[in-house]
1. Can you give the local net charge around T55? Use residues other than it whose beta-carbon is closer than 15 angstrom to its beta-carbon, Lys and Arg +1, Asp and Glu -1.
2. On a full-extension model of 0.36 nm per residue, what is the gain between A69 and Q140, subtracting their alpha-carbon distance, rounded to one decimal in nm?
3. Nearest 20 debye, what's the magnitude of the dipole of region 92-145 about its Cα centre given +1 on Lys and Arg Cβ and -1 on Asp and Glu Cβ?
4. Simple spin-label model, 7 Å along Cα-to-Cβ: E52 to N179 in nm?
5. Give me, ordered by chain and number, the residues 5 or more places off D50 or on other chains with an amide H under 5 Å from its own placed amide H.
6. By how many degrees, 0 to 90 and rounded to 10, does the Cα axis of helix 180-193 deviate from the longest principal axis of the chain?
7. In region 111-182, carbon and sulfur make up what percent of the accessible area (probe 1.4 Å)?
8. Which percent of the accessible area of region 1-49 is formed by carbon and sulfur heavy atoms (probe 1.4 angstrom)?
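The values are calculated or read from the model by the stated rules, or taken from the named source; none is laboratory data. In this text the structure is predicted, and so the values were computed from the model without any measurement. All Cβ positions, glycine included, derive from the backbone under ideal geometry; neighbour counts span all protein chains shown. Heads up: the accessible areas ignore ligands, DNA and RNA and are worked out on the full protein's heavy atoms, side chains in. Shrake-Rupley method; radii C 1.70, N 1.55, O 1.52, S 1.80 Å.
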Amino acid sequence: MQVTKYAHSCLRVEHDGGVLVVDPGVFSDPAALDGADAVLITHEHPDHVDVEALTRALDRRPVPVHGPASLTALLGDAREALTVVGPGESFTAAGVAVRTYGGRHAVIHPDIPVIDNVGYLLNDVVYHPGDSLVVPEDVQVDTLFAPIHAPWSKFSEVVDFIRAVAPRRAFALHDGLLNANGFGVLDRQYTALSRTEYRRLEPGTRVDA
């Protein structure tokens, strides 16, 4: 597989001629959806799904969309493309084997309702947890995309999550709210404490997986 990191939480995966896009949100480039054969959405927050951009892409080229049931009302006319998935499922999307984990978004605050969130393991190699710190217990993850910064996250918990997953390498995910100062601090700290190879990829960077 080849994985291109788009801004914030969006990944574009190319495998055996197929294109799979994960979490094309409002902070990422809508071009991530160009030529997509399938789309995975972890949850309903706009930084993970740009409904207008997704609807335009589906109007041009209808493709299957997989995500939690809470997306049904959000997607409007695009909901016809949605296949509802929850944790503990396995399926194929754009030729990529997908396994699902988690089920619930991390707690932002006790006064804010917790919503559905599905993490995706791609070809038993690449793990995108969405907005959660759920550790896959039944597989050795090779490449982890770790959400390094969010209103719901705490640095020590994310470090412990990376250590618990124990991947060969970890790349930064969910970094669209940071500026250069934050990148400098967090890149240094995650590199020092993650106990694995850690990198933050600039949007548009492609890696083999």
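1. Taking every other residue near T55 into account, the sum is -3.
2. 22.8 nm
3. The dipole of region 92-145 has a size of about 80 debye.
4. Output for this residue pair reads 2.6 nm.
5. Those lying under 5 Å, H to H, from D50 are G25, V26.
6. The angle comes out at about 70 degrees.
7. Taking all protein chains in place, region 111-182 shows 50 percent carbon and sulfur surface.
8. With neighbouring chains kept in place, the figure for region 1-49 is 47 percent.
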